[in-house]
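S.K.: Got a structure here, written out as structure tokens. Questions coming.
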Amino acid sequence: MKRISYHIILQIMLIFSTLLFNVSCDEEEIVDNTPDQLFRPVTLSAYVNEASVTFSWVPIANATYQLEVSKDSLLFQQDLQVFNIDEGEEILSVENLWSNSLYSARIKAVSVDEAVKDSEYKQITFTTGTENIFYGVTDEDVGTDYVLLKWKIGKEVSHIVVSGNGANDVTIPLNASDVSALQKRIEGLNSETQYIFKIYLGEMLRGTISVTTN
């Protein structure tokens, strides 16, 4: 009788253990390891070339990106530019920045899953270099009373300021024809005189060149 009771108890314990194992397996199967927020990009680097900058970062899966650039120190208020970047992209170039200016940049991963929050920002600061869109002036471009100035294609400009020999600066507007031709002949200059020419887009200085007339 005792042997029969022991056998019954053993069977009950075996059944109970099996049930516990199955419940445990079921619980493990429904565990969701998906994070509730994306990790921010590990790095954000900025390579500066005059008044342009190329950003690079390490991409992650299942995320697009939002990159912001502003002309201030981590405030992201002045001249703010916002770029939306496709999944898998890891480089972005931004041009036509102000010369010799402090800029801020920040990037975050944007989730493609509504249940997962965007990452926090990774942010940096950088300073642009000196832009000069003028080409060098050749002997054929200089006379006794004029200088022919030429500049690089793809650069927006509005006017040229002429300084020389202690006289007041003279502002010369650039019309559509000048902009299209990528050059402007500055006339009415004095012979054998050194002049400094500065080209602008609004208040943005885009180039400086010094030339002495014949």
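S.K.: Which whole-Hz ³J(HN,Hα) couplings does the range 194-207 yield from phi under the Karplus relation 6.51 cos²θ - 1.76 cosθ + 1.60, θ = phi - 60°, glycine and proline marked x?
M.R.: In residue order, the calculated couplings are 7, 10, 10, 10, 10, 10, 10, 10, x, 8, 7, 6, 10, x Hz.
S.K.: Which value, in debye to the nearest 20, describes the size of the charge dipole of the range 69-214 about its Cα centre when Lys and Arg Cβ atoms bear +1, Asp and Glu Cβ atoms bear -1, and nothing else is charged?
M.R.: 320
S.K.: Between residue 210 and residue 89, what length comes free when the chain is fully extended (0.36 nm per residue of separation minus the Cα-Cα distance, one decimal in nm)?
M.R.: Length gained, residue 210 through residue 89: 39.3 nm.
S.K.: Count charges around residue 158 for me, please; just the other residues with Cβ under 14 Å from its Cβ, Lys/Arg as +1, Asp/Glu as -1.
M.R.: Combined, the nearby Lys, Arg, Asp and Glu give +1.
S.K.: I would also like to ask the following. Roll a 1.4 angstrom probe over the protein heavy atoms and tell me the percent of accessible area of the range 96-214 that is carbon or sulfur.
M.R.: Details: 2930 of 6500 Å².
Solvent-exposed carbon and sulfur of the range 96-214 make up 45 percent of the total.
S.K.: To continue, here is another question. As an exercise, identify the GluC sites (Glu not before Pro) in the range 115-214 lying in DSSP coil whose Cβ has no more than 16 other Cβ atoms within 10 Å.
M.R.: Sparse-neighbourhood loop GluC sites (Glu not before Pro): 120, 156, 192, 203.
S.K.: How many nm separate the modelled label positions at residue 114 and residue 159, each set 7 Å beyond the Cα in the direction of the Cβ?
M.R.: The two pseudo-label positions are separated by 5.3 nm.
The values are calculated or read from the model by the stated rules, or taken from the named source; none is laboratory data. Just so it is clear, the model here is predicted, and its values are computed rather than measured. Backbone-built Cβ (ideal geometry, glycine too); neighbour counts: all protein chains shown. In case anyone asks, the SASA skips ligands and DNA or RNA and just uses the protein heavy atoms, side chains included. Shrake-Rupley method; radii C 1.70, N 1.55, O 1.52, S 1.80 Å.
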